[in-house]
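Structure, as structure tokens:
What follows draws every value from the coordinates through simple rules; no lab data is involved. Keep in mind that what you see is a predicted model, and the values were worked out from it rather than measured. Every residue, glycine among them, receives a Cβ derived from its backbone with ideal geometry; neighbour counts consider all protein chains shown.
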Amino acid sequence: MSTVMSAVPSPVPAAPPRRRFRGSRLLAGAALAGLLALAGTPSALAQTTAPQTTAPQSTGPQPPPALSGPVTLIHAGTLLAVPGEKPVTQQTIVVRDGKVAEIRAGFAQPADIQTPDAQVVDLRDAFVLPGLIDSHVHIIFELGPDSQLRSVTDDPERSILDGTVFAERTLMAGFTTVRDVGSSARTGVALRDAIAAGKVRGPTLLVAGQGLAVTAGHGDINGFNEKVTEALSDSRINVCDGSDTCRQAVREQVRRGADLIKLSATGGVLSQIAAGTGQQMFDDELRSIVETAHLMGRKVAAHAHAADGINAALRAGVDSVEHGSYLDDESIRLFRQTGAYLVPTLLAGKTVVDMANRPGVMSPAVKRKALTVGPMMQRNFARAAKAEVKIAFGTDSGVSAHGINAQEFKLMVEAGLSPMDAIRAATVNAADLLGIADRAGSLEPGKDADIIAVSGSPLENVTALETVDFVMRRGAVHKMDGRRTPFEPKG
């Protein structure tokens, strides 16, 4: 369902009434300097597994605290440090210089780590877990009724400004890392770099630049008259026909700053062209893209709906298949054989079906595809999950609204995934797919302090993740007790 479009940011979705943490606060040292007292009501946190009171075994021997750098102590009532393992209770996460320094049993105080000026975050009534990862977003776009018009009226500069809004909404939703799998020109690269430099608030971004497509395929310019199409053709550096030009297209995206390569193996739902959702790239084109990308140290994500395109992409060696709507038994065999991930984007399927059922929103050709593909996504995701295909969380946000990413969890669980497995897909698995497992996906010493908290157990009710009360990214607190914290741009 990937598409290249632009639209004005939609209103922020209204948040449901939240249960506030007991005394959520940020304390500066033992003297309580900078006290932020946020009164609340205590609540028992339900769990599917009886919690332990010792630190997770995976953390191993705890290193001594470092001698310098800003320190924050997070008192976690319940901590799911490594999704897939049992949660533990009454833990302290020691954060130093933006990293997890150690995890201690009990609620440690600044004096306990010989750091009297350490800040203390009280999440004793909260369920604490690693920051979430969305493996499939379009961070500078959001689908709307005028998206096609705006794709030729909005300048890239306007798209980047929209992207800053979408990025902040995504971070506030608890997603501390996202993979942007298609942006026009170098807009995604520019936003990635601005966030990394601390100039803009948002999640850590890995970007694909422009997704690769074949002429008249999904991702190429379509839906315009001949003169407009010709005028836009100068920007078609992402379009390739034949293995040699596809190799060149990969190198061009890498030159422009891409962290990964995205290709469209099949047609797409939102393409304004009567080409269906079947395979569009030849096998040699797919192989040349994958081989070149891997040679240059980039992973490859393949947009694919129909089984022929899914299977061709898997045989070519892609690292993930996006959507996988019509996967079949051969697809499942290939997933298991190659170790590739399925990124299901169920929220996008639901979104396009909802839009197709509203009069006048979609063209007849797009409407037919939406009403067919949407339900197949959920059905075949259930098959893949049952067959133990590797799953990484992804929403296709940009088709759905930014900031509601966590609604994907409910759809995954309804299709048969356990809440724990759905959370693991958005943490441990997604970090592995993105190639960042050494710094994200779990809370262990040496990894980035990407931490979120909710006021109920998502292991009991996964929709608890739709209302995130606390967000820390790389040691900086961006949300406390459901409210944005002040943000000071750097530089």
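Suppose a student asked you for the relative contact order of region 133-434, using Cα pairs under 8 Å spaced at least 6 residues apart; what percent would you report?
The value is 19 percent.
Shape call for region 409-485 from the C-alpha gyration tensor, a ≥ b ≥ c root eigenvalues: rounded (a/c under 1.5), prolate (a/b greater than b/c) or oblate?
oblate
Peptides 365-374, 344-353: what's the order by average Cβ count within 10 Å, highest mean first?
The most tightly packed comes first, giving 344-353, 365-374.
Points 7 angstrom from Cα along the Cβ direction at Q114 and R336: gap in nanometres?
Once both label points are built, they end up 5.4 nm from each other.
How far is it, in nm, from the label point at M296 to the one at R368 when both lie 7 Å from their Cα along the line to the Cβ?
With each label point 7 Å from Cα toward Cβ, the separation is 3.8 nm.
Using only the Cα atoms, what convex hull volume per residue in Å³ does region 133-434 have?
Enclosed volume per residue, from the Cα hull, is 115 Å³.
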